[in-house]
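Peer 1: I have a structure I would like to understand better, so I am pasting it below and will then ask my questions one at a time.
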Amino acid sequence: MGLTLVVIATGAVMTAIQPAAAGYRWVTGRNGYVPPKAVVGGFDGENLYVCSIGVGIGKLVPKQKKCYVPYNGNESGYDKYQVLVVDNFHWAPLTSDLDLPPGAITGGTDGVKGGEPVYVCNAVVAGKWIPGKYTASHNVCYVPYKGKEIEVKNFNVLISR
């Protein structure tokens with residue numbers, strides 16, 4: 001059985017996304033498109049889906065037709081993105097010693113940290129669950145919320161079963 005590896009070009013950065021054989025895949029979308037079986041990562045007046053632009057993970061807001069990604073203190077919106085589709089998953093709180101559970105789902109690599117994996121997380125901000133990104137070197141979940149990148153210390157990571 002061969003594996004298919006998808007490579008996504010985002011600006012000057014080429015990012016390898018996990019193969020479908022890992023139990024999940026990233027489906028290309030634009031302008032609010034939500035594929036069947038897309039992962040709901042939160043809720044803020046409507047379902048928020050897990051999306052990626054290859055170097056960052058964030059929230060797809062279908063009514064606004066954008067994937068919002070946290071970066072460098074800000075929230076940036078993109079019309080073109082990838083949406084996470086997973087066959088079997090669960091959200092798991094990160095343990096107090098910050099050990100990443102087996103099966104944690106990646107959404108690309110951090111271009112600044114020399115290719116460090118970026119994982120899918122979600123956290124509560126202002127009483128709302130918001131999907132975002134986690135890197136082991138930072139030990140927080142970064143979520144896009146109201147134009148800013150918010151750091152949250154208590155969060156979940158997405159696990160493929």
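Peer 1: So, in nm, how far is label GLU116 from label LYS128 when the simple model puts each one 7 Å beyond its Cα toward the Cβ?
Peer 2: A separation of 2.8 nm, rounded to one decimal place.
Peer 1: Another question, then. Below 14 Å Cα-Cα, how many Lys pairs turn up in region 26-160? Only count pairs eight or more apart in sequence, or on different chains, if you could.
Peer 2: Final tally of qualifying lysine pairs is 12.
Peer 1: With +1 on each Lys and Arg Cβ and -1 on each Asp and Glu Cβ, how big is the dipole of region 26-160 about its Cα centre, in debye rounded to the nearest 20?
Peer 2: Working: 13 positive and 11 negative charges, 102 e Å.
Taking the Cα centre of region 26-160 as origin, the dipole is about 500 debye.
Peer 1: Work out the charge dipole of region 26-160 with +1 on the Cβ of Lys and Arg and -1 on the Cβ of Asp and Glu about the Cα centre, then indicate which of GLN82, VAL61, VAL27 is farthest towards its positive end.
Peer 2: My answer, from the dipole projection, is VAL61.
Peer 1: Read phi for every residue in region 117-129 and hand back ³J(HN,Hα) as whole Hz from Karplus 6.51 cos²θ - 1.76 cosθ + 1.60, θ = phi - 60°, with x for Gly and Pro.
Peer 2: Values per residue, Gly and Pro as x: x, 10, 9, 7, 9, 8, 8, 8, 10, 6, x, 10, 7 Hz.
Peer 1: Taking R0 as 45 Å, what FRET efficiency do you get between ASN139 and ASN31 from their Cβ-Cβ distance, rounded to the nearest 0.05?
Peer 2: Working: r = 35 Å, r/R0 = 0.77.
For ASN139 and ASN31, the calculated efficiency is 0.85.
Peer 1: Once amide H atoms are built 1.01 Å from N in the peptide plane, which residues 5 or more positions from TYR49, or in another chain, come under 5 Å H to H?
Peer 2: Hits under the 5 Å cutoff: GLY41, LEU60.
Where a number appears in this text, it was derived from the coordinates with a stated rule and is not lab data. These numbers were taken from a predicted model, which means no experiment stands behind them. Glycine also receives a Cβ, built like all others from the backbone with ideal geometry; neighbour counts cover every protein chain displayed.
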